[in-house]
Ligand code: CTP
């Protein structure tokens, strides 16, 4: 309301047991709808009118049950009926017990909804009403309001821009059963692909092994090893405008792969490793017009190491994260990035979901693209 929006509240019958609809009516100055058969304006079907008139639907807080109903496309109350009938963007801020949030059923529903373009404002870490501690606390109100503003302001600003992204780990086989790998889940890279796609970019995602569903509308090339990733990138690179290397490429691979599973023995086993190609570094030498963006996961002398990488790999932008910091780095859903630009600017960002990090990265890329367009025109 304070940001100048017209707010209409729809409540589930369960929500009315916690807060009376009259509270929201007084706060918003608009009628609250709970029942599908409520008709605040006679002769108008409320859920269709709300679905068509709304610029955005925000579901906050969303329970595990509501996420499940939305994923299945049920329309058994006013809220789910509205969600099905609207063509407006839907934002969801979940809130539930940590065990319920991390349950595979809930996470599968989140992925289903994300694949349909629904966006999530991820819950944070904290102590729940039930006393449990973990991920599941609804995001802070300013974060939710900002996410709504960002979504309303967003447009297809990267329409026609071709973006090539690497993501996930690489697996370097030792024998048919074992590999040398790392803890990367692919979350950051998939979030970058999502953020690029939602701005209208043509996205090719070269992904190492990852259990994640790729975002809708993205071309995915699945690979296992660094060598395969290098070849896939090499093939796509000339046709791209921006190359973003988020992958945690294994720097070394076993010199040769055993054709059989090696048996356990009492003696020591020494594995000989040989270096893998530096994908980003090689592309930097081949670039014609491409903008190059790297990631650096550091554990010590973080800024110094990152600045060195930016220079030696000849990048336009480098996103640095300290993987030893809690809520940053591998496997978790959040990250805290510092953006380093080739011109020396350093932009530290607060901790936020990987998707929000990716959106900030897209803002930075957009501004660099505009600059290079400006300089080629002048
Ligand atoms: N990268 C790459 N190919 C490699 C290694 C890294 O494309 N073989 C990319 C990563 O995707 C990332 C950037 O280079 O964008 C930096 O990765 P990082 O592993 O931090 O850098 P390295 O050059 O491997 O340096 P080090 O591991 O020694 O810190």
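The numbers here are math on the coordinates, done by the rules we state, and not lab data. All values reported here derive from a predicted model rather than from experimental measurement. Ideal geometry is used to build each Cβ from the backbone, glycine not excepted, and the neighbour counts take in all protein chains shown.
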Label point 7 Å beyond Cα of residue 141 along Cβ direction - residues of the stretch 14-53 with amide nitrogen under 19 Å: 16, 18-30
Most mobile of 120, 295, 24 in a GNM of the chain (Cα contacts under 10 Å): 24
Could you please rank 313, 222, 354, placing first whichever residue has the fewest other Cβ atoms within 10 Å of its Cβ? 222, 313, 354
Using alpha-carbon positions, the gyration tensor of the stretch 177-217 gives root eigenvalues a ≥ b ≥ c; with a/c under 1.5 called rounded, otherwise prolate if a/b exceeds b/c, else oblate, the class is prolate
In Å³ per residue, the alpha-carbon convex hull of the stretch 46-188 encloses 169 Å³
Inter-centroid distance (Cα atoms) of the stretch 75-112 relative to the stretch 334-369, Å: 28 Å
For a quick check, take a GNM of the chain with Cα springs below 10 Å and name the residue from 164, 82, 205 with the largest mean-square fluctuation. 82
Under a Gaussian network model of the chain whose springs join Cα atoms within less than 10 Å, the largest fluctuation of 262, 162, 336 belongs to 262
Summing -39500 (n - 2.57) over the DSSP H runs of n ≥ 4 in the chain and dividing by its residue number, what mean residue ellipticity at 222 nm do you reach, to the nearest 500 deg cm²/dmol? -10500 deg cm²/dmol
Honestly the stretch 132-233 on the Cα gyration tensor test (a ≥ b ≥ c root eigenvalues; a/c under 1.5 rounded, otherwise a/b vs b/c for prolate or oblate) is just oblate
Give me 19, 92, 163, 221 ranked fewest to most by other Cβ atoms within 10 Å of their Cβ, as a rough exposure proxy. 19, 221, 92, 163
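Please work out whether the stretch 220-323 counts as rounded, prolate or oblate from its C-alpha gyration tensor, where a ≥ b ≥ c are the square roots of the eigenvalues and a/c under 1.5 means rounded, while otherwise a/b larger than b/c means prolate and anything else oblate?
oblate
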Cubic angstrom per residue, convex hull over Cα atoms of the chain: 180 Å³
Principal axis dimensions, largest first and in whole angstrom, of the stretch 162-377 by Cα: 65, 36, 33
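Give me the percent of Cα-Cα pairs in the stretch 257-378 that sit more than 25 Å apart, rounded to a whole number.
Numbers: 2918 of 7381 pairs.
I get 40 percent for the Cα pairs in the stretch 257-378 exceeding 25 Å.
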Starting with the fewest neighbours, write out 230, 190, 252, 260 ranked by other beta-carbon atoms found within 10 Å of each beta-carbon. 260, 252, 230, 190
Under a plain spin-label model, where a point goes 7 Å from the Cα along Cα-to-Cβ, how far apart in nm are residue 305 and residue 14? 4.5 nm
